[in-house]
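Peer 1: Right, I'll just put the structure down here and ask away after.
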């Protein structure tokens, strides 16, 4: 009986010592005695909203120095728009410190997301997106391939004065490139490349472009490169001029439903691939 009483007494003594410690660590008591008074943020805030960071951390800081859940606080900050990486620490006696790395946007990705300079696709809700970003798209597993073809296409089209606005890889694995022609007021040319030999096909097309664009009044609206021995072109209808006669048939299709009928260059193509 005495042994049992001693054991109970020992357990009670341990509990009396441990319970206050647990209570402090759990935030049940002590928040007033050891409050977190200062939020210290480090990093660049070009896109991340500093007020949103403060509002996110405030509920965790209210539990006091010993009870703050750093992992949960860090996860909450990392989930904010434009945050690539977050690290939350506490500094004695009353500082909660957060270090934030922002996503640096490289391109639009799909309809409503962005691609960072590190190759990560992320959402950018509620933030102002920089103007002039290219528009890329495709399966996330093939981000690197999409970026590589965009960079290669930009280098290929630059000497002929065309700007690559976007590159897309569709679910079937077919490539397409969107071009801006500043000589025609930013008019768009859609280039359908196909599934195979994308860079080689674009290179062949670029080599012939100076011949195809020799007439400044004509503009390619769509180019289909999915052929073995050539490609198909859709020419935009020429703009009408006040007081002028009808353009020749070389510049205008004879039927309204054929204004965008494809022509081939340089040879009769085989079936598209």
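Peer 1: Which residues, taken from the stretch 196-205, are over 27 Å from the mean Cα position of the chain (by Cα) and buried (at least 18 other Cβ atoms within 10 Å of the Cβ)?
Peer 2: Hit for the stretch 196-205 is 205, nothing else.
Peer 1: Which condition does residue 212 not pass, out of (1) over 33 Å from the mean Cα position of the chain (by Cα); (2) exposed (fewer than 14 other Cβ atoms within 10 Å of the Cβ); (3) closer than 26 Å to residue 152 by Cβ; (4) modelled with pLDDT of 50 or more, if it passes all the others?
Peer 2: (2)
Peer 1: Can you work out which of the residues in the stretch 43-54 that are within 14 Å of residue 97 (Cα to Cα) and in a helix (DSSP H, G or I) is farthest from the chain's Cα centre (by Cα)? Let's see the steps before the verdict.
Peer 2: Step one: list which residues in the stretch 43-54 are within 14 Å of residue 97 (Cα to Cα), which gives 43, 50, 53-54.
After this cut, where a residue has to be in a helix (DSSP H, G or I) as well, the list is 50, 53-54.
Working: 50: 22, 53: 22, 54: 26 Å.
Only one residue fits best here, namely 54.
The values are calculated or read from the model by the stated rules, or taken from the named source; none is laboratory data. This is a predicted model, so every value here is computed, not measured. Neighbour counts run over all protein chains shown; Cβ positions are idealised from the backbone, glycine included.
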